[in-house]
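Here is the structure we will look at, set down as structure tokens.
What follows draws every value from the coordinates through simple rules; no lab data is involved. Computed from a prediction, not measured in an experiment: that's the story for all the values here. Positions of Cβ are generated from backbone atoms using ideal geometry, with glycine treated the same way; all protein chains shown enter the neighbour counts.
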There are 2 protein chains.
Amino acid sequence: MTVSRSTRQRDVISRLLEEAPGPLAVGDIHERARAELPRLGIATVYRTLKLLTEQRRIHPVLLDGETLYEATGKGHHHHFSCTRCGKVFTLHTCPVALPSGTVYPGGFIVEAHEVTLYGQCPTCAEGQGV
Amino acid sequence: MTVSRSTRQRDVISRLLEEAPGPLAVGDIHERARAELPRLGIATVYRTLKLLTEQRRIHPVLLDGETLYEATGKGHHHHFSCTRCGKVFTLHTCPVALPSGTVYPGGFIVEAHEVTLYGQCPTCAEGQGV
DNA sequence: TTCTTTGCAAAAGGTTTGCAGATGA
DNA sequence: TCATCTGCAAACCTTTTGCAAAGAA
């Protein structure tokens, strides 16, 4: 097994994800990281995301047909996708009560769940104000 | 505006989606439709799905990184993705109470929501039975 | 007949891989 | 030093588009 080294590229990408208020798209990550690493190639971004995912430091979130990435270890949470600005936020309140093992109508045994809410984020709701 | 004609390809594809118990992947649709239309090209499948989507007769469901399609007009519902067999089912019971307009903690105005449950479908739960 | 639709193949968009030079330990 | 990592470009895979022939009305 190869040993994973610490590099400037990996540090920048994982820091970006740690500090983001919600999951980020690959293109976003590439663009933001380029502010610090102008020559950063997209292949490195993909390879780093794959590595961090294997290390369980981040994980993919498939939303609106896009693959977004977010840091792990932020506890049980869901997402809010703003229909105005397109940004995705992390919600720390869960709207469902479905402990693992719950038997759902129809005989489906629930192990996990995902909830995504759509609507207007606080900023857009204010800007478009009544 | 061009007039949309009725063709064998379109009939077969929309019938498949109407009769399915859950959303289908593009590859699945192509494969199943080929049983009746051996020369059916993948481009026609994509064009038909796009057309039916514009007509609001079907709509895409983005699940597990795949784009699935399902017929519309089946009321408010959610999906259950079986972690054993991979099939996706439609659930007619909704586990959340979030009417449009609800203000979620943090100031997010909810317009819609999507819920996906993961676990074992009745068939797999039985097969693997205790 | 006339205009739309189809199948095929080429193109496009996003992700992955091969490789030689750069880099971390 | 020397195996790992990076940037670049080519390869891949899924989806879209161009075009001539087939089909609907």
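Below, the figures for the structure above:
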| read-out | value |
| --- | --- |
| Pseudo-label separations to other copies for B:S4 - Cα-to-Cβ vector, 7 Å, nm | 4.8 |
| Pairs of Cα atoms farther than 13 Å apart, the range B:78-128, % | 63 percent |
| Within 10 Å of each Cβ in A:118-126, the average number of Cβ atoms from other chains | 5 |
| Cβ charges +1 (Lys, Arg) and -1 (Asp, Glu), total dipole of the range A:1-110, debye | 360 debye |
| Among A:E114, A:E31, A:E18, residue whose mean-square fluctuation peaks in a GNM of chain A (springs only between Cα atoms under 10 Å) | A:E114 |
| Pairwise centroid distance, computed over Cα atoms, of the range B:1-31 with the range B:63-83, Å | 16 Å |
| Other-copy label distances relative to A:P122, 7 angstrom Cα-Cβ extension, nm | 4.5 |
| Degrees between helix B:42-54 axis and first principal axis of chain B (Cα, 0 to 90, nearest 10) | 60 degrees |
| The range A:78-128 - percent relative contact order, Cα under 8 Å, separation 6 or more | 44 percent |
| Proximal lysines relative to A:K50, as straight alpha-carbon distance under 24 Å, when same-chain residues fewer than 8 apart are discounted | A:K74, A:K87 |
| Shape category assigned to the range A:45-86 from the gyration tensor of Cα positions, a/c cut at 1.5 | oblate |
| Alpha-carbon spread of the range B:2-71, three principal axes, descending order, Å | 32, 27, 21 |
| Net charge over other residues, Cβ less than 12 angstrom from the Cβ of B:L117 (K, R count +1; D, E count -1) | -3 |
| The range B:2-71 - percent relative contact order, Cα under 8 Å, separation 6 or more | 37 percent |
| Teacher prompt: B:D64 distances to equivalent labels in other copies, 7 Å Cα→Cβ, nm | 2.4 |
| Shape of chain A, Cα gyration tensor, a/c cut at 1.5 | oblate |
| 10 Å Cβ neighbours from other chains, averaged over peptide A:98-108 | 5 |
| The protein assembly as shown: equivalent-ellipsoid semi-axes (sqrt of 5 x gyration tensor eigenvalues, Cα, Å) | 33, 24, 23 |
| The range A:10-130, relative contact order [Cα under 8 Å, separation at least 6], % | 21 percent |
| Candidates A:P21, A:P105, A:P60: whichever shows maximal mean-square fluctuation once chain A is modelled as a Gaussian network with Cα springs under 10 Å | A:P105 |
